[in-house]
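Here the structure comes first, spelled out in structure tokens, and everything after it is commentary.
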Ligand SMILES: Cc1ncc(COP(=O)(O)O)c(C=O)c1O
């Protein structure tokens, strides 16, 4: 049923060749360039099948057995299944699987716990805080009074002394731990201790590491945080969407913060796809995958450092690496442009205590393709050569195509 089966592609091609060509072009782009964006992955065909299913037709405002629409008997079962699987996977008492995205999950967490004007302590944006952690361009920065903690200038690691100091001084209503660019494990026990000391809620925004948590390759925030927010589309390898985990005492507040406070009808096709992804993530094969993602990231980080890039914190515990390309003579934006021209796709990010932009990359997608540590070494060497301006883009592209050709994301 997914758009990448020949049958569905044919139906679409006949009815709307313009859109069909765009879908196929994107599939070709994803298959023939190197996907090193830390927040992306390749879902299974089963996840795509659920996304492209008739559940997309169903309106289902509310929660199972308490819907505002008729005909929800089947989608109720799909949502209950997704909730059950999420709770089992992460050891949570309650899961809300309706959040449309990671940002929606964070918005709902704030809505469940805070009032406008409350003080919140979170990692500052220059150090890897997400937009929803207090950006003035985002609802969070407008409605709440954010105080930002940072990272140590020498090590790049979260400055725990500063976190404790700011918490004591500002007495926040909530403390947020989680980042878009922090490559190391977060010490959830430490954040819990500080939150308890100042009487704050602890919100773990585990959008990035949640897939590693599922595979047993990163610490689980669930035993420590009042609310865990996550995305389902990064290492977790599910559909684009969000999820919230919490204890029984906050379950109703969280559910009401999602619907009716911040969202309308649930996207049942996405919820079914989340159920599929949770099922996949509970398998031994996924645990092997999650550990390989980290092994690949460590290897890639090591070889990038050998090639002369400055790797933040000296390496990684996760799927994610941030690095400064300045030692190779170029700023992050120029490096990203050269890499894009060669078919190597990654992001720029702020560098803690750096002037310019760095590179942010991850190994979730290439590991799904089956690449291992030898390929990581090859990618690091190619990446550094392209950033330095040699070889010619065409030569680099050919090498990228050789690699991606050997590891197709969707072998036909
Ligand atoms: C830490 C963190 N929080 C929230 C989000 C937002 O997720 P979404 O883009 O699904 O809204 C992200 C996305 O990368 C993230 O890394």
Given the options 71, 362, 279, which has the most mean-square fluctuation in a GNM of the chain, springs set between C-alpha atoms less than 10 angstrom apart?
-> 71
When N is the residue count of region 248-351, what does its C-alpha Rg come to as a fraction of 2.2 N^0.38 Å?
-> 1.56
Where does region 54-281 land on Rg/Rh, using Cα atoms and the Kirkwood Rh?
-> 0.97
For region 54-281, what relative contact order do you get, as a whole percent, if you take Cα pairs closer than 8 Å and at least 6 residues apart?
-> 29
In deg cm²/dmol, rounded to the nearest 500, the helical mean residue ellipticity at 222 nm of the chain, built from -39500 (n - 2.57) for every DSSP H run of length 4 or more, is -13500 deg cm²/dmol
Value of D in µm² per second that Stokes-Einstein yields for the chain, Kirkwood Rh from Cα pairs, at 10 °C (1.306 mPa s) | 72
quick note, the chain, DSSP beta bridge pairs, % antiparallel (nearest 5) is 55
So what is the relative contact order for the chain, in percent, with contacts set as C-alpha pairs under 8 Å and at least six apart?
-> 22
Once you sort the root eigenvalues of the Cα gyration tensor of region 284-406 as a ≥ b ≥ c, which label holds: rounded (a/c under 1.5), prolate (a/b larger than b/c) or oblate (the other case)?
-> oblate
Calculated diffusion of region 1-134, Stokes-Einstein form, Kirkwood radius summed over Cα pairs, 4 °C and 1.567 mPa s, µm²/s = 69
quick note, region 54-281, DSSP beta bridge pairs, % antiparallel (nearest 5) is 45
Give the span of region 166-313's Cα atoms along each principal axis, as three whole-Å numbers ordered largest to smallest.
-> 49, 46, 24
Using Cα pairs closer than 8 Å and at least 6 residues apart in sequence, work out the relative contact order for region 284-412, in percent.
-> 28
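No value in this document is a laboratory result; all are computed from the given coordinates. Just so you know, these numbers come straight off a predicted model, no measurement behind them.
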